[in-house]
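Following: one structure in structure tokens, then a few remarks.
The values are calculated or read from the model by the stated rules, or taken from the named source; none is laboratory data. Because the structure is predicted, anything quoted here is derived from the model rather than measured. Because the Cβ atoms are built from the backbone with ideal geometry, glycine has one as well, and the counts that use them run over all protein chains shown. Just so you know, the surface numbers come from the protein's heavy atoms only, side chains and all, with ligands and any DNA or RNA stripped out. Shrake-Rupley method; radii C 1.70, N 1.55, O 1.52, S 1.80 Å.
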Amino acid sequence: MSTLEQYLSTDWASMTTHDWAGLIVTVLVFFGMLITFALALRPSKRKELEEQKYKILNDD
């Protein structure tokens with residue numbers, strides 16, 4: 001188990017500015033997508049989503 005723990009460890013002190021920027025952007029995008037999916041796919045929107053299910057296939 002120590003090999004896996006050593007492999008997954010992070011040296012926070014040696015991270016550069018670019019590393020921190022990438023980490024922050026990745027975390028923000030993850031939470032943004034999580035919130036977006038939670039709001040878009042909540043049960044109260046089910047009827048609205050079902051109405052638009054085949055909208056792209058219609059020749060209106």
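Things worth noting here:
- Considering only A38, A13, A21, the mean-square fluctuation computed in a Gaussian network model of the chain, springs between alpha carbons under 10 angstrom, is largest for A13.
- On full extension, the segment bounded by L34 and I56 gains 5.4 nm, given 0.36 nm per residue less the C-alpha separation.
- Sorted largest first by accessible area at a 1.4 angstrom probe radius, with every protein chain in place, the residues D59, D11, D19 fall in the order D59, D11, D19.
- Charge dipole of the chain about the Cα centre (unit charges at C-beta), most positive-ward option of I35, M15, L49: L49
- Per-residue accessible area (protein heavy atoms, 1.4 Å probe) orders E48, E5 as E5, E48, starting from the largest.
- In terms of overall dimensions, the C-alpha atoms belonging to the chain reach 58, 31, 23 Å along their principal axes, ordered largest to smallest.
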